[in-house]
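For reference, the structure discussed in these notes is given below.
The values are calculated or read from the model by the stated rules, or taken from the named source; none is laboratory data. Predicted, not measured: the structure shown is a model, and the values here were computed from it. Counting neighbours? That spans all protein chains shown, and the Cβs are built from the backbone with ideal geometry, glycine included. For the accessible areas, the whole protein counts, side chains as well, though only heavy atoms, and no ligand, DNA or RNA atoms are used. Shrake-Rupley method; radii C 1.70, N 1.55, O 1.52, S 1.80 Å.
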Amino acid sequence: MKKLMYIISSATVFIACESRTYEEISDKTPIAEVVTYNKDVKPIIEANCISCHSPGAQALTNYSQAKNNIDNIIDRISRPTGDPLKMPQGGSLSPSQISIITKWKADGLSEN
């Protein structure tokens, strides 16, 4: 009887465990507002990109640099984990952050 109870308890715990991340189970509601650089994109870039992409050929320190490199940015942040060209190095933007940057392009790359 103890063995049966142990098996049932173990199975219940095993089945109840959730291994998906918050982003995988969160609401995938589309972004309704127009995305702008200053309000939406700049904070993401400042928090995740500026440490490596400051002054130089690959700088992303202002609106023009981000706008002029948007296709490359989207390509690099959308690559699968493990790809050596994925950005940011050593991590990843959340799916919602990637959606914001992608929608910024779709919305016309507005600054304000």
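The single condition among (1) in contact (Cβ under 8 Å) with a residue 12 or more places away in the chain; (2) open to solvent by less than 60 Å² (accessible area, probe 1.4 Å); (3) not in a helix (DSSP H, G or I) that Ala59 does not satisfy is (1). Taken together, the criteria place Lys67 among residues that are within 18 Å of Lys103 (Cα to Cα), modelled with pLDDT of 95 or more and open to solvent by 80 Å² or more (accessible area, probe 1.4 Å).
A residue that is touching a Phe, Trp or Tyr at 6+ places or on another chain (Cβ under 9 Å) and of a type in the set (Val, Ile, Thr) occurs nowhere in the stretch 73-85. Does the stretch 83-103 contain at least one residue that is exposed (fewer than 12 other Cβ atoms within 10 Å of the Cβ) and touching a residue at least 40 places away in the same chain (Cβ under 8 Å)? So far as the stretch 83-103 goes, yes, one or more of its residues are exposed (fewer than 12 other Cβ atoms within 10 Å of the Cβ) and touching a residue at least 40 places away in the same chain (Cβ under 8 Å). For the stretch 43-55, the tally of residues that are part of a helix (DSSP H, G or I) and open to solvent by less than 70 Å² (accessible area, probe 1.4 Å) stands at 4. The set of residues from the stretch 69-84 being part of a loop (DSSP other than H, G, I, E, B) and in contact with a Cys (Cβ under 9 Å, 6 or more places away or on another chain) is empty.
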